[in-house]
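To start, the structure itself, in C-alpha cells.
The values are calculated or read from the model by the stated rules, or taken from the named source; none is laboratory data. None of the values given here were measured: they were computed from a predicted structure. Note that each Cβ is placed from the backbone with ideal geometry, even for glycine, and that neighbours are counted across all protein chains shown. For accessibility, only protein heavy atoms count, side chains too; no ligands or nucleic acids. Shrake-Rupley method; radii C 1.70, N 1.55, O 1.52, S 1.80 Å.
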Amino acid sequence: IKACLDTGHCTYAMGMFYDWCYDRLSAQERQQVRDALLTKGIDPILSEVDKYPPDTNGYAVLTTGATVAAIAVRPEEPSAGAALATCVEKIRTSLGRGGKDGGAFEGPMYGTYLLDSFAIAFDALTSAQVEHTLFEHPYLATMSRYCLGLLSPDTHQIPNFSDGSPGVGFLRLMQVLAQRGSTEAAYYLEQAGGLKVSGIYDLVRFDEAKLNPVRPAWNPSSVFVDIGYASLRDGYNAKAPSLFCKSGPLSNNIGH
C-alpha cells in the first residue's frame, strides 16, 4: 500500500499549512510544498484510495487529504481542479455506503473517524466556495436525528455499538452542520459539550456566534433499520430510563 492513514493525515495537514501560511513562505518554499502535496499526497492517494472500502475511515482520511491539498494548490496547479472533482465524487460514493435511512455501519467510534474526517473536507469546500451538493445527501441530512436519538440523556454519550466505547461522537461534523444553520446540530453540540472552540483549527474556522441551539420538537426515540440501531427514550427527560438496541445488519458484512 503506497498511501495509508499517515498519507491522508499528513496531506491535509500540509494543505492547511500551505493555505494558512502562504504569505510567510518564499517562492521556493511554496514550490517545494506544492510539489510535495502533488507527488506525495494527491497523486498516490487518488491511485490507491480505491483499495479501501468507501465506508471505512481509511478511505475518508485519504480522500480528505487529497481534497484539502487540491483546494490549497488549485490556484497555481492546473491539474488540481480535476483532482478536486474526483475527490468530491469519492466523498459522495462513501456517503452512499451509509445506512439507507441514516447512520454509520461501523458504529459511533469509527463512524466518527469517517465523518469527522470528511467534515474537514466539507469545511474546506465551504471555505473555498466550491459548489457541490454533498450537504443534501440523506446520510448528512439524518445525522442530527442519529446523534440525538442515540444520545443517552443523562451521560450525554452514545452507546458502545461496534468497535469502541461509550463516548461523544461526530462533534466536528455537527459543528460544520451547525455553522450552516442547523439548530438541531447545535443543540446536540450543547448537550455533548461541543459548543466551545477548542484548538487552533476551531479558532481559525468556526464562529461561535453562528451556533443557535434549539431543542427539536420531534421525539428522539429513533430507529435506523438498515444499520440495525434503535433507541427508546422518554423524550428529553434525563431522569427516565432509556433503552438502546443493536440488531443487525442482516446482510452487510461490516468491519469493526
Review point. Before we move on, is SER152 open to solvent by 10 Å² or more (accessible area, probe 1.4 Å) and within 14 Å of ASP55 (Cβ to Cβ)?
Key: no
Practice item. Scan the stretch 104-121 residue by residue and report those that are within 19 Å of LYS246 (Cβ to Cβ) and of a type outside the set (A, V, I, L, M, F, W, C). Key: GLU106, GLY107, PRO108, TYR110, GLY111, THR112, TYR113
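With respect to ARG172, is the statement that it is in contact with a helix residue (DSSP H, G or I) (Cβ under 7 Å, 6 or more places away or on another chain) and in a helix (DSSP H, G or I) true?
Numbers: in contact with a helix residue (DSSP H, G or I) (Cβ under 7 Å, 6 or more places away or on another chain): yes; in a helix (DSSP H, G or I): yes.
Considered against the rule, which asks whether it is in contact with a helix residue (DSSP H, G or I) (Cβ under 7 Å, 6 or more places away or on another chain) and in a helix (DSSP H, G or I), ARG172 comes out as yes.
For (1) open to solvent by less than 10 Å² (accessible area, probe 1.4 Å); (2) touching a residue at least 24 places away in the same chain (Cβ under 8 Å); (3) in a helix (DSSP H, G or I), each residue gets a yes or a no:
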residue: THR93; (1), (2), (3): no, yes, yes
residue: GLY102; (1), (2), (3): yes, yes, no
residue: TYR110; (1), (2), (3): no, yes, yes
residue: VAL130; (1), (2), (3): no, yes, no
residue: ASN160; (1), (2), (3): no, yes, no
residue: GLY164; (1), (2), (3): no, yes, no
residue: GLY181; (1), (2), (3): no, yes, no
residue: GLU190; (1), (2), (3): no, no, yes
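Against the condition assigned to a helix (DSSP H, G or I) and not basic (Lys, Arg), how does ALA217 come out, does it pass?
Spelling it out, it is not the case that ALA217 is assigned to a helix (DSSP H, G or I) and not basic (Lys, Arg).
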Point to revise | Pick from the stretch 220-256, criterion in contact with a Lys or Arg (Cβ under 7 Å, 6 or more places away or on another chain) and not in a loop (DSSP other than H, G, I, E, B), ranking: surrounded by the most Cβ atoms within 10 Å (Cβ to Cβ) | key: TYR229
Practice item. Collect the residues in the stretch 166-177 that are surrounded by 23 or more Cβ atoms within 10 Å (Cβ to Cβ) and either among the aliphatic types (A, V, I, L, M) or within 17 Å of CYS245 (Cβ to Cβ) (or both), keeping them in residue-number order. Key: LEU173, MET174, VAL176, LEU177
Review point. Which of the residues belonging to the stretch 197-214 are part of a loop (DSSP other than H, G, I, E, B), surrounded by 11 or more Cβ atoms within 10 Å (Cβ to Cβ) and in contact (Cβ under 8 Å) with a residue 12 or more places away in the chain?
Key: PHE206, LEU211, ASN212, PRO213, VAL214
